[in-house]
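Below is one structure; the comments refer to it alone.
The values are calculated or read from the model by the stated rules, or taken from the named source; none is laboratory data. Note that the structure is predicted; figures quoted are calculated from it, not measured. Using ideal geometry, Cβ is built from the backbone for each residue, glycine included, and neighbour counts are taken over all protein chains shown. What goes into the accessible areas is simple: the full protein's heavy atoms, side chains included, and nothing from ligands, DNA or RNA. Shrake-Rupley method; radii C 1.70, N 1.55, O 1.52, S 1.80 Å.
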Amino acid sequence: MKLSPPWTALIVLLIQAASNACTVKKLGSGTGRFANATLVRLSEYLSGGYKKGVRPVKDWRTSTIVAIDLMVYSILNVDEKNQVLTTYVWYRQSWTDEFLVWNPEDFDEVKQVSLPTANVWVPDILINEFVDVGKSPDIPYVYVTHDGLVRNYKPIQVVTACTLNIYNFPFDVQKCSLTFQSWLHTIDDINITLMRSPEELREDKSVFMNQGEWELLHILSNYKIFSVDNDDYYAEMKFHVVIRRRPLFYTVNLLLPSIFLMVMDIVGFYLPPDSGERVSFKITLLLGYSVFLIIVSDTLPATAIGTPLIGVYFVVCMALLVISLTETVLIVRLVHQQDLQPPVPHWLKYLVLERAPVLFCIHQKHKLCSRLSSQASDIEHYKDTNNYGTAQCTIHHTCDIGRRLSHHERDVGLLGLGLHPSRDPLTPLGLHPVREAPSLGLPPSREPPTPPVMDNILHEVTAIRHFLEKRDRCREIAKEWLQVGYVLDVLLFRVYLVAVVAYSITLGTLWSVWQVA
C-alpha cells in the first residue's frame with residue numbers, strides 16, 4: 001500500500017516529536033548543565049492553570065490552617081515618649097496548598113521546590129500593632145513540598161505600638177504584644193495555630209542578640225477567637241514579648257552621683273555650726289546637683305502620662321538639699337549676731353536645753369560653753385582701747401571695784417553730783433572718811449571737798465561697772481542661744497539623716513524587688 005505524500009510528512013513529524021520528547025526526558029534525568037530541566041518541568045506543571053487569587057482548597061468548607069512561629073532576633077529601639085517598640089524578628093508561617101501537589105517519582109524524586117511568592121496564594125495575616133513600615137528585606141520565594149506544604153520564612157523589622165510603663169525605670173520590665181490575625185478571612189476560611197509548642201516558644205532565645213540594653217526574658221503565646229459584630233468570628237495568635245532593661249549604665253551614671261552628693265550633704269553637718277563655711281559648702285552642693293539634673297534630663301525617659309520613680313527621687317533629693325541649706329541658715333542665724341537676740345523664752349529653754357538633751361542623748365552641750373571662754377579677750381580689748389589717765393586698771397581690778405560699788409550705788413550717784421554721802425561710802429575705795437576731832441571739847445572737823453579728779457574716777461568706774469554688767473548679760477544670752485542652736489542642729493541633723501536613710505532604703509528595696517522579679 002502506497003501512502004500519499006501528505007500522510008507521509010505527518011507521520012515523520014509525529015516520529016520526530018516523540019523522539020524529541022524522549023530526548024528531553026532523558027536530558028532532564030541526566031546531570032550537568034541540564035540538571036535543572038526537572039525543576040523547569042515541575043514549575044510549569046505546578047503553575048499550569050493555577051489561580052493564586054483563590055484559596056487553595058478543593059472543598060470550600062475546608063478551613064486553611066496556617067501555622068506560625070516567631071523568634072526575636074534583636075530589640076532595636078524602645079521609644080518611651082511615642083510608645084513605640086522596634087524589633088527585628090524571624091517570622092515563619094506554613095500552610096497546605098492542595099493545588100501544589102505532585103508525585104516525586106515523576107520528577108526525579110524532587111520533593112520540594114522554591115517558587116516565587118508572587119505566583120502562589122499567601123494568607124493575609126498581618127500584625128495588628130503595626131504603626132510603621134520597617135526596613136525589612138524582601139524574600140521573593142517560598143518553599144513548596146510535594147504534599148502541598150508551603151513554607152514562608154522571612155525576617156521582619158516590626159515597628160509596633162506598645163504600652164510602656166516607665167515608672168520602674170531603669171529597673172523596668174516591658175511586655176509588648178504582637179497580634180497576628182487574618183485581616184479579612186473568618187475562622188471558617190483561615191485558622192491560626194502554633195508551629196511549635198508554647199513551652200518551646202517561651203524559652204527559645206537561640207537567635208536573640210543578647211548584648212544590647214534590653215534582655216529578652218521570654219515569649220508568651222495566646223490563642224483567641226473573637227468577633228466584631230457577633231456574626232463573623234476571627235482567629236488571632238498573640239505573642240507577648242517580655243523584655244527587661246539592663247540597669248548598670250543608668251546606675252553608674254545617674255544613681256551613684258546623686259548618692260555621692262547626698263552623702264557629702266550629710267557629712268557637711270559635721271562642720272561647726274558657728275562656721276560660715278557650712279553655708280558655702282551646702283550652697284555649692286545645691287548648685288552642683290542642679291547642674292547634674294540638667295545634664296541627666298535628656299537621659300530620663302519622658303511620657304505624657306507619668307514620671308519615672310527615679311525622677312521623683314531626684315526631685316526629693318533636691319528638696320532635701322534645700323531643706324538642709326535652710327536648716328543651716330537658721331542655725332547660723334542663732335549662733336551669730338547674739339547681741340541682737342532677745343533672751344531665750346522659758347518654754348524654749350525648757351524643751352530644748354532640758355528635755356531634748358535627755359530624750360535624744362545629747363551629751364555635748366558643754367562644748368559650746370567652752371567656746372565662750374575665747375571671747376574673754378574682748379574685755380581685755382576694751383581695757384586697751386579705753387585709757388583713763390591715772391585710772392588704768394586690769395579687768396580683774398575693775399571687776400573688784402564694781403563689786404565694791406555694788407553696796408554704795410546710791411552714794412556714788414550723790415558723789416557724781418558733787419554732794420556728800422551721809423555714811424562712809426569711800427572706805428572700800430581706800431579714801432579717807434570724815435575724822436572726828438579729839439575729845440577736847442572742839443566741834444568735829446569737816447572733810448575737805450572732793451576734788452574733781454575723784455569725781456571723774458567715780459564716773460568712769462560706774463561706767464565700767466555698767467558695761468561689765470551689760471556684757472555679762474549679753475554673754476549669758478549668747479551662751480543660751482548657742483546651746484539652743486547646738487541642740488537644734490543635732491536634732492535636725494538626726495531627723496534629716498533618718499529621712500534620707502528611710503527614703504534610700506525604701507527605694508533600694510523597691511528597685512531590688514523589681515530587679516529580681
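For segment 174-255, which strands (runs of 3 or more DSSP E) that fit wholly inside it have 2 or more residues that are within 25 Å of Arg151 (Cβ to Cβ) and open to solvent by 50 Å² or more (accessible area, probe 1.4 Å)?
In segment 174-255, 214-227 are the strands (runs of 3 or more DSSP E) which contain 2 or more residues that are within 25 Å of Arg151 (Cβ to Cβ) and open to solvent by 50 Å² or more (accessible area, probe 1.4 Å).
May I ask you to verify whether Ile323 is touching a residue at least 40 places away in the same chain (Cβ under 8 Å), under 18 Å from Leu492 (Cα atoms), open to solvent by 50 Å² or more (accessible area, probe 1.4 Å) and not polar (S, T, N, Q)?
It is true that Ile323 is touching a residue at least 40 places away in the same chain (Cβ under 8 Å), under 18 Å from Leu492 (Cα atoms), open to solvent by 50 Å² or more (accessible area, probe 1.4 Å) and not polar (S, T, N, Q).
Each row is one residue, and each column tells you yes or no for (1) surrounded by fewer than 12 Cβ atoms within 10 Å (Cβ to Cβ); (2) closer than 24 Å to Pro342 by Cβ; (3) in contact with a Leu (Cβ under 6 Å, 6 or more places away or on another chain).
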residue	(1), (2), (3)
Phe467	no, yes, no
Ile477	no, yes, no
Trp481	no, yes, yes
Asp489	no, yes, no
Val498	yes, no, no
Ala502	yes, no, no
Leu507	no, no, no
Val513	yes, no, no
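For residues that are open to solvent by 70 Å² or more (accessible area, probe 1.4 Å) and either acidic (Asp, Glu) or under 14 Å from Ala319 (Cα atoms) (or both), scanning just segment 264-291, find the one that is farthest from the chain's Cα centre (by Cα).
Here the answer is Glu277.
Being open to solvent by less than 40 Å² (accessible area, probe 1.4 Å) and either in a loop (DSSP other than H, G, I, E, B) or closer than 22 Å to Ile65 by Cα (or both) narrows it down to one of Val144, Val158, so name that one.
Being open to solvent by less than 40 Å² (accessible area, probe 1.4 Å) and either in a loop (DSSP other than H, G, I, E, B) or closer than 22 Å to Ile65 by Cα (or both) holds for just one of Val144, Val158, which is Val144.
Pick out the one residue from Val131, Val150 that is more than 30 Å from Asn77 (Cβ to Cβ) and assigned to a strand (DSSP E or B).
Val150
Go through (1) under 30 Å from Asn82 (Cα atoms); (2) of a type in the set (Val, Ile, Thr); (3) in contact (Cβ under 8 Å) with a residue 40 or more places away in the chain for Val133 and report which single condition fails.
(3)
Within segment 264-293, track down each residue that is hydroxyl-bearing (Ser, Thr, Tyr) and part of a loop (DSSP other than H, G, I, E, B).
Within segment 264-293, just Ser275 meets the criteria.
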